[in-house]
Amino acid sequence: MQRNIALECKNVTKSFGSVIANKNCNLTLYSGEVLAVLGENGSGKTTLMNMLAGIYYPDEGQIFVGGKEAVIRSPKDAFSYKIGMIHQHFKLVDVFTAGENIVLGIKDGNKFKLSEVNKKIKELTEKYGFNIDLQKRVCDMSVSEKQTVEIVKVLYRGADILILDEPTAVLTPQEIEKLFNVMRKMRDDGKAIIIITHKLNEVLEISNRVSVLRKGEYIGTVNTAEATEASLTEMMVGEKISLNINRTEPKNTVERLVLDDVDCYNRDGVKVLDSVSFAAHSGEILGIAGISGSGQRELLEAIAGLQKIQQGNIIYNNPKDGKTENLRDKTPMQIRELGVRLSFVPEDRLGMGLVGNMDITDNMMLRSYRKGKSLFLKRKEPYNLAKKIIEDLQVVTPSTKTPVRRLSGGNVQKVLVGREIAASPTVLMAAYPVRGLDINSSYTIYNLLNGQKEKGVAVIFVGEDLDVLLELCDRIMVINSGRITGIVDARTATKEQLGKLMTGAVKSTEKEG
């Protein structure tokens, strides 16, 4: 059967100074298909998609839409070619309703009639199976609802080619299934869809074909039906990679950290932690699952002393002297000195945790400068630590003197996580340590966390990928709206069970232990 080519890139090249982001990239997207675009961090996926969306303009090469050469210099141009991109970080106005956001900025020369607008939106939502409240303000929406608004917004503008950047990153399994059902309906209606995701199981489930980029160059395209996780990984990195997380049985576990009835309020007086009680054991990985904004961040910050708690206790059993300490009475610096380390990987990696204009060695010194006893700081130990992190985590950088802001996002993340692991903690809290990392780098981090577990460290791992939580952790604690809805054995739990706990649809009967 003859397939219509919706979009085509031919020898597209884009450079930023001396850095070549894309080199002679070729890509073909057909109408009525889902094409997954894969690649390691820094492989040029986002840059290529941004050229299709009009955010960047190629230095060389051609883009064809519907068989005709297209000149895309702005997002407005992209829309004129019926290309719409749904970014990972939504472009919505919080104080506006869903309906207002969908029609915002449209200038078609016609008089605005709300009844006609609502009728057209309703037709779209019924056609593809969206569930959306047009009168609801964006600030009151869940992540899934905001994403729905973004997709309906580009469809309302007439998009036939949709680009989805990491669309499942913070969705529950049930929300992901709803999204995939909508994508299948759009595909069956003839829409051409590109999806960027690091989750290979999702690639195999939803896509028809997979195109792979490596170091800015196009490697090839395969039919999804003929691919496996191992074969796709090999295409991405150029060599065979083991995709097994070596989870060992916990040994000699003791309670290292015990939270008892902890309450916490934010600056607006809203309760963000509600009667939280659990224990983290040495020699195990305790996973924390929950919809984005359910209290994961506040929980870790409360343990680290960065968030004031209004009720309850956080008891730390010190393995060095056997003493019991209440962290509620400690400053963040005192808690760090006890060996309780927080490695939080935020969306803005350089806004929190690292200083972009400083090199890797200087960023290591940020954690140790208070120990300097003389007027001049000693650079030898931070330099050696920087070298070790670069070698162990395979950080791609010209040298330890390279400013952190010049590294790719994934490499910045490795520095951030590696610095905390290198501090030999007794409790390591790793929040989103693989956020946005390619699969090869992610498995490097998983192995490091397992190594910490085997050294007797109590590891608390906050992650977004439920498959990884089930494969890496020993127990998984689920949090919803600041309350613990269940603690389950990761070896026997299922994604569906976790999804229900995340949404509060069911509460685990298993006792904390």
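Among the residues of segment 287-299, is any aliphatic (A, V, I, L, M), over 21 Å from Asp474 (Cα atoms), at pLDDT 80 or above and touching a helix residue (DSSP H, G or I) at 6+ places or on another chain (Cβ under 9 Å)? Write out each step before concluding.
Within segment 287-299, the first condition is being aliphatic (A, V, I, L, M), and the residues that meet it are 288-289, 291, 299.
Going one step further and asking which of them are over 21 Å from Asp474 (Cα atoms), we end up with none.
No, because not a single residue in segment 287-299 is aliphatic (A, V, I, L, M), over 21 Å from Asp474 (Cα atoms), at pLDDT 80 or above and touching a helix residue (DSSP H, G or I) at 6+ places or on another chain (Cβ under 9 Å).
Taking Ser144 and the conditions (1) touching a helix residue (DSSP H, G or I) at 6+ places or on another chain (Cβ under 8 Å); (2) farther than 24 Å from Ile83 by Cβ, which numbered condition does it fall short on, given that it satisfies the others?
The one condition Ser144 does not meet is (2).
For (1) over 18 Å from Arg341 (Cα atoms); (2) in contact (Cβ under 8 Å) with a residue 24 or more places away in the chain, each residue gets a yes or a no:
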{"residue": "Asn244", "(1), (2)": "yes, no"}
{"residue": "Pro250", "(1), (2)": "yes, yes"}
{"residue": "Asp263", "(1), (2)": "yes, yes"}
{"residue": "Val276", "(1), (2)": "yes, yes"}
{"residue": "Gly287", "(1), (2)": "no, yes"}
{"residue": "Ile291", "(1), (2)": "yes, yes"}
{"residue": "Asn326", "(1), (2)": "no, no"}
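Taking the residues in segment 40-82 that are on the phi > 0 side of the Ramachandran plot and among the small types (Gly, Ala, Ser) as candidates, determine which candidate is surrounded by the fewest Cβ atoms within 10 Å (Cβ to Cβ).
Residues of segment 40-82 on the phi > 0 side of the Ramachandran plot: 42, 44, 54, 61, 66-67, 82.
Next, from what is left, pick out any that are among the small types (Gly, Ala, Ser): 42, 44, 54, 61, 66-67.
Details: Gly42: 21, Gly44: 24, Gly54: 21, Gly61: 17, Gly66: 15, Gly67: 10.
Filtering first and then ranking leaves Gly67.
Would you pick out the residues in segment 310-345 that are under 26 Å from Ser142 (Cβ atoms) and touching a Lys or Arg at 6+ places or on another chain (Cβ under 6 Å)?
Val345
Kindly list the number of the only condition in (1) in a loop (DSSP other than H, G, I, E, B); (2) crowded, with 22+ Cβ neighbours inside 10 Å; (3) among the polar types (S, T, N, Q) that fails for Asn411.
Unmet condition: (1).
Would you be able to tell me the number of residues in segment 151-166 that are touching a Gly at 6+ places or on another chain (Cβ under 9 Å) and either over 18 Å from Asp189 (Cα atoms) or not assigned by TED's automatic domain parsing to the domain that holds Phe96 (or both)? Even if it seems obvious, please write down each step before you answer.
Taking segment 151-166 first, the residues touching a Gly at 6+ places or on another chain (Cβ under 9 Å) are 151, 153-155, 157-163, 166.
Next cut, either over 18 Å from Asp189 (Cα atoms) or not assigned by TED's automatic domain parsing to the domain that holds Phe96 (or both) only: 166.
So the count comes out to 1.
I'd like to verify a number: residues in segment 61-85 that are under 14 Å from Gly158 (Cα atoms) and β-branched (Val, Ile, Thr), how many?
First pass over segment 61-85, keeping only residues under 14 Å from Gly158 (Cα atoms): 75-85.
Imposing the further condition that a residue be β-branched (Val, Ile, Thr) reduces the set to 83.
Final tally of qualifying residues: 1.
Please determine, by comparing only the residues of segment 103-159 that are crowded, with 16+ Cβ neighbours inside 10 Å and aromatic (Phe, Trp, Tyr), which one is nearest to Thr172 (Cα to Cα).
If we take residues in segment 103-159 being crowded, with 16+ Cβ neighbours inside 10 Å and aromatic (Phe, Trp, Tyr), then Phe130 is nearest to Thr172 (Cα to Cα).
Identify, please: which residue in segment 453-480 is in a helix (DSSP H, G or I) and modelled with pLDDT of 90 or more and is, among those, surrounded by the fewest Cβ atoms within 10 Å (Cβ to Cβ)?
The initial filter retains those residues of segment 453-480 that are in a helix (DSSP H, G or I), namely 453-454, 466-472.
When the remaining residues are screened for being modelled with pLDDT of 90 or more, the result is 453-454, 469-472.
On the way: Lys453: 24, Glu454: 13, Leu469: 22, Leu470: 22, Glu471: 15, Leu472: 24.
Within segment 453-480, the match that is surrounded by the fewest Cβ atoms within 10 Å (Cβ to Cβ) is Glu454.
Which one of these is modelled with pLDDT of 90 or more, out of contact with any helix residue (DSSP H, G or I) (no Cβ under 9 Å at 6 or more places or on another chain) and surrounded by fewer than 21 Cβ atoms within 10 Å (Cβ to Cβ): Arg491, Arg483?
Values: Arg491 fails: out of contact with any helix residue (DSSP H, G or I) (no Cβ under 9 Å at 6 or more places or on another chain).
Arg483 is the lone residue from the list that is modelled with pLDDT of 90 or more, out of contact with any helix residue (DSSP H, G or I) (no Cβ under 9 Å at 6 or more places or on another chain) and surrounded by fewer than 21 Cβ atoms within 10 Å (Cβ to Cβ).
When you go through Lys191, Lys199, Lys240, Lys153 one by one, which is the residue that is touching an Asp or Glu at 6+ places or on another chain (Cβ under 7 Å) and modelled with pLDDT of 90 or more? Can you show your working first?
Working: Lys199 fails: modelled with pLDDT of 90 or more; Lys240 fails: modelled with pLDDT of 90 or more; Lys153 fails: touching an Asp or Glu at 6+ places or on another chain (Cβ under 7 Å).
Going through Lys191, Lys199, Lys240, Lys153 in turn, the sole match is Lys191.
Can you confirm whether Val138 is in contact with an Asp or Glu (Cβ under 6 Å, 6 or more places away or on another chain) and either at pLDDT below 90 or within 23 Å of Met502 (Cα to Cα) (or both)? Walk me through it before giving the result.
Details: in contact with an Asp or Glu (Cβ under 6 Å, 6 or more places away or on another chain): yes; either at pLDDT below 90 or within 23 Å of Met502 (Cα to Cα) (or both): yes.
For Val138, the condition - in contact with an Asp or Glu (Cβ under 6 Å, 6 or more places away or on another chain) and either at pLDDT below 90 or within 23 Å of Met502 (Cα to Cα) (or both) - is met.
Restricting to segment 111-124, name every residue that is modelled with pLDDT under 85, part of a helix (DSSP H, G or I) and not hydroxyl-bearing (Ser, Thr, Tyr).
Of segment 111-124, the ones modelled with pLDDT under 85 are 111-119.
Still in the running and part of a helix (DSSP H, G or I): 114-119.
The answer is Leu114, Glu116, Val117, Asn118, Lys119.
The values are calculated or read from the model by the stated rules, or taken from the named source; none is laboratory data. Not measured: the values here are computed from a predicted model. Methodologically, a virtual Cβ is constructed for each residue, glycine included, from the backbone with ideal geometry; neighbour enumeration extends over all protein chains shown.
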